[in-house]
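**Q** One structure is given below, represented as structure tokens, and several questions about it will come after.
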Amino acid sequence: MQRIIIGFLLFLLFSCQKEKITIGTNVFETFYLENAGASMRLLVEGNTASHTFLIIVHGGPGTGSFVYDTQYISQNIENKYAVVFWDQRNAGASQGNSNGNNLNLPQMTDDLKKVIELIKYRYGQNSSVFILGHSFGGLLTASFMTTDQNQSMVKGWIMVDGSHNYPLNDTLTRLMLLKVGQQQIDSNKHVSDWQLIISYCNAHPGNFTLKESDQLENYAEKAETYIPEVNQFNLIAAMEAISIEDDLPITSILFNYLYSGNAGFNAALAKTQFSSLLYKVVTPTLLLYGEYDFICPKELGEDILNRITAAEKKMVISPVSGHNLMFQDEVLFCNEVNDFIAKYR
Amino acid sequence: MNLRKFCLTIFLLTIVLYCFARTDTPGRLSDSLNLKASYNSSLIYPGARLGAEYSVKSFKVVKTKKSGKMKDFDKERFVSANLGWYHHPYFHDNFYFTAGWTMRRTKSTGFFTEFSPEIGLSRTFLGGTTYKVDNNGNVSVVRLAGYYYALLSIGGGVGYDFSKIRHKPFMLFYKFNLLSLYPYNSTIYLRPAMEIGVIYKLHFFHHVKSKF
């Protein structure tokens, strides 16, 4: 009896952790990368037979990659290429013990490098890899692209409502809140809400502390919802749609998010910028920004566009988007990403 | 507290509770021992739990209501040791050992409620092949990848004791447990789990047996 039980337990464990690599057109597989105290989950979906991989570098820090796994992206990108949903350390379904000391940008940049090496190990060294950074993922991908020879590992860099320069980001957010806020007040829309925001912005002119930066982000998040032109995105509804289907570990996502969002390294991030290093980037780059993104205003994209030395670069603005262009303007997002990958893979 | 110290603490706690139980209630071990088996569903995910509980204290309480009616129930205290498992696809399998203190109150009709805090050790196994990449880009597979966590659990449940009226040696129960794993990514991990199972009374078995 004892042997049967032990045998059954070992079968369970080995069947879950047995290496399985699928080359196909409709793949769904999960594996983990262990690095510096964290086991980070990677979910690969779509067409691995294309040997072309789009790695989603999510925002936050700490939000997890689950939210990007929408039906529209499945039907319009994964049918052509494979999409890699990577949960960064201390985010989503990633696991570990006391690893908070390793939660910093250089370590996460190293994680991303190893994610790419792992993808190429599993699916072939000739695989074409593209990285897509959203929001905080923009800072992480900017760090990756400007570190050592990392950019030679990827065929293209896609930035969606991302930030590569947090101090500049805060300044631009404040200016946009003031400008659009005044226009909205003049049009008699959400007057009391905008007055509150404008008065805060006027009282906090620059050289922002982390607390001020967080407050500006809170106002930026709210501001987007006051704009009628924006296709509003409901995160809770999106989570409900995929939580059971994708076997999401809800409490892991929640506690990782709370921890990472309040972790000490956010203070260092608030002072981090890669504008001065962007001249190093020669890899094809696609920049997608929402016209009404107060959190990461489109001028950040313009700063990247002006500074990188890549010969192939393009910036597209969605007129109906705020900070989540991939959900708020799905058609534009998928068309632009597919065209970009097709061109440079 | 490091893992070794924690394991030692759990082990010693179990031993102390067991010795306490042994001295407090004389007689054969099986006279006060119940065995538990349950389906241990973590939300929608499957699992199982096996355990044993040892009666430390048992007494009858009789209360008189304002109406003059008598109301009586049994209060029992147990120490317990349990081995649990749940499977969350693509996330992890979690095997956990706990030692606990169970407080149960059983009405004369057989219906009971219980509450139990538990402490233990958890070992997870990640829900997918796990790789390590060294600084030269060499990739290797990590065998039996996963983590040890300290575990605290609180649970409450209801059930029916078939020995009270129907003289059968078992109880059926439903219990909700909230597991917390620590340190999980330098923070905590909470996991709700629901048990539906049976408790078998060895004690009752011996009594029945002794009649023949």
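**Q** Determine if the range A:187-195 includes at least one residue that is in contact (Cβ under 8 Å) with a residue 40 or more places away in the chain and not aromatic (Phe, Trp, Tyr). Step through it out loud before you land on a result.
**A** Step one: list which residues in the range A:187-195 are in contact (Cβ under 8 Å) with a residue 40 or more places away in the chain, which gives none.
No, because not a single residue in the range A:187-195 is in contact (Cβ under 8 Å) with a residue 40 or more places away in the chain and not aromatic (Phe, Trp, Tyr).
**Q** To continue, here is another question. Can you name the condition, by its number, that residue B:90 falls short on among (1) away from every other protein chain (no Cβ under 14 Å); (2) under 30 Å from residue A:40 (Cα atoms); (3) not acidic (Asp, Glu); (4) not in a strand (DSSP E or B)?
**A** (1)
**Q** Can I ask one more? I'm checking my understanding of the structure. Among residues of the range A:80-89 that are away from chain B (no Cβ under 14 Å) and either open to solvent by less than 10 Å² (accessible area, probe 1.4 Å) or of a type in the set (Phe, Trp, Tyr) (or both), which one is farthest from residue A:47 (Cα to Cα)?
**A** In the first step, residues of the range A:80-89 are kept if they are away from chain B (no Cβ under 14 Å); the result is A:80-83.
Imposing the further condition that a residue be either open to solvent by less than 10 Å² (accessible area, probe 1.4 Å) or of a type in the set (Phe, Trp, Tyr) (or both) reduces the set to A:81-83.
Working: A:81: 5, A:82: 5, A:83: 8 Å.
Filtering first and then ranking leaves A:83.
**Q** Ok, one more. Let me spell it out: the conditions are (1) in a helix (DSSP H, G or I); (2) farther than 30 Å from residue A:264 by Cα, and residue A:228 meets all of them except one. Which number is the exception?
**A** All conditions pass for residue A:228, except number (1).
**Q** In the range A:269-284, which residues are open to solvent by 40 Å² or more (accessible area, probe 1.4 Å) and either at pLDDT below 95 or not in a helix (DSSP H, G or I) (or both)?
**A** Those that are open to solvent by 40 Å² or more (accessible area, probe 1.4 Å) and either at pLDDT below 95 or not in a helix (DSSP H, G or I) (or both): A:271, A:273, A:282.
**Q** Moving to a separate point now. With respect to residue A:83, is the statement that it is assigned by TED's automatic domain parsing to the domain that holds residue A:275, in contact with a Ser or Thr (Cβ under 9 Å, 6 or more places away or on another chain) and β-branched (Val, Ile, Thr) true?
**A** Against the criterion (assigned by TED's automatic domain parsing to the domain that holds residue A:275, in contact with a Ser or Thr (Cβ under 9 Å, 6 or more places away or on another chain) and β-branched (Val, Ile, Thr)), residue A:83 qualifies.
Residues are listed down the side, and each one gets a yes or a no for (1) open to solvent by 40 Å² or more (accessible area, probe 1.4 Å); (2) more than 11 Å from every other protein chain (Cβ to nearest Cβ); (3) assigned to a helix (DSSP H, G or I):
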{"position": "A:67", "(1), (2), (3)": "no, yes, yes"}
{"position": "A:72", "(1), (2), (3)": "yes, yes, yes"}
{"position": "A:78", "(1), (2), (3)": "no, yes, no"}
{"position": "A:91", "(1), (2), (3)": "no, no, no"}
{"position": "A:98", "(1), (2), (3)": "yes, no, no"}
{"position": "A:106", "(1), (2), (3)": "yes, yes, yes"}
{"position": "A:112", "(1), (2), (3)": "no, yes, yes"}
{"position": "A:125", "(1), (2), (3)": "yes, no, no"}
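Residues are listed down the side, and each one gets a yes or a no for (1) over 30 Å from residue A:143 (Cα atoms); (2) not in a helix (DSSP H, G or I):
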| residue | (1), (2) |
| --- | --- |
| A:170 | no, no |
| A:184 | yes, no |
| A:188 | yes, yes |
| A:198 | yes, no |
| A:201 | no, no |
| A:214 | no, no |
| A:219 | no, no |
| A:222 | no, no |
| A:233 | no, yes |
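**Q** Count, please, the residues in the range B:25-46 that happen to be aromatic (Phe, Trp, Tyr) and at pLDDT 95 or above.
**A** The qualifying residues number 1.
Quick grid of which residues meet (1) touching a Gly at 6+ places or on another chain (Cβ under 9 Å); (2) farther than 22 Å from residue A:272 by Cβ; (3) not aromatic (Phe, Trp, Tyr):
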position: A:23; (1), (2), (3): yes, yes, yes
position: A:26; (1), (2), (3): yes, yes, yes
position: A:50; (1), (2), (3): no, yes, yes
position: A:61; (1), (2), (3): yes, no, yes
position: A:66; (1), (2), (3): yes, yes, no
position: A:76; (1), (2), (3): no, yes, yes
position: A:85; (1), (2), (3): yes, yes, no
position: A:97; (1), (2), (3): yes, yes, yes
position: A:128; (1), (2), (3): yes, yes, yes
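**Q** Could you grab me the full set of residues in the range A:13-58 that are touching a Phe, Trp or Tyr at 6+ places or on another chain (Cβ under 6 Å) and free of Cβ contacts under 8 Å to residues at least 24 places away in the same chain?
**A** Residues satisfying the conditions are A:13, A:30.
**Q** Of the residues that make up the range B:138-155, is at least one in a loop (DSSP other than H, G, I, E, B), of a type in the set (S, T, N, Q) and more than 25 Å from the chain's Cα centre (by Cα)?
**A** yes
**Q** Which numbered condition trips up residue A:62, out of (1) more than 23 Å from residue A:285 (Cβ to Cβ); (2) surrounded by fewer than 19 Cβ atoms within 10 Å (Cβ to Cβ)?
**A** (2)
**Q** Of the residues in the range B:99-130, how many are open to solvent by 10 Å² or more (accessible area, probe 1.4 Å), within 30 Å of residue A:42 (Cα to Cα) and more than 10 Å from chain A (Cβ to nearest Cβ)?
**A** The number of residues fulfilling the criteria is 2.
**Q** Among B:79, B:62, B:56, which is the only one that is open to solvent by 30 Å² or more (accessible area, probe 1.4 Å) and either more than 14 Å from chain A (Cβ to nearest Cβ) or modelled with pLDDT of 95 or more (or both)?
**A** Exactly one of B:79, B:62, B:56 is open to solvent by 30 Å² or more (accessible area, probe 1.4 Å) and either more than 14 Å from chain A (Cβ to nearest Cβ) or modelled with pLDDT of 95 or more (or both), namely B:62.
**Q** Oh, and also: With more than 19 Å from residue B:52 (Cβ to Cβ) and among the polar types (S, T, N, Q) as the only criterion, which of B:163, B:140, B:153 stands out? Lay out the reasoning, then the answer.
**A** Working: B:163 fails: more than 19 Å from residue B:52 (Cβ to Cβ); B:153 fails: more than 19 Å from residue B:52 (Cβ to Cβ).
Just one listed residue meets the conditions, B:140.
**Q** Okay, moving on. Which residues, taken from the range B:131-180, are aromatic (Phe, Trp, Tyr), open to solvent by 60 Å² or more (accessible area, probe 1.4 Å) and within 14 Å of chain A (Cβ to nearest Cβ)?
**A** Quick first cut of the range B:131-180, residues aromatic (Phe, Trp, Tyr) only: B:131, B:147-149, B:160, B:162, B:170, B:173-174, B:176.
Now drop any that are not open to solvent by 60 Å² or more (accessible area, probe 1.4 Å), which leaves B:148, B:170, B:174, B:176.
Residue satisfying the conditions is B:148 alone.
**Q** Of A:223, A:237, A:241, which residue is of a type in the set (Gly, Ala, Ser) and exposed (fewer than 12 other Cβ atoms within 10 Å of the Cβ)?
**A** One residue alone meets the criteria, A:237.
The values are calculated or read from the model by the stated rules, or taken from the named source; none is laboratory data. Everything numeric in this text was worked out from a predicted model, so none of it was measured. Virtual Cβ from ideal backbone geometry, glycine too; neighbours counted across all protein chains shown. Accessible surface areas use protein heavy atoms only, side chains included; no ligands, DNA or RNA. Shrake-Rupley method; radii C 1.70, N 1.55, O 1.52, S 1.80 Å.
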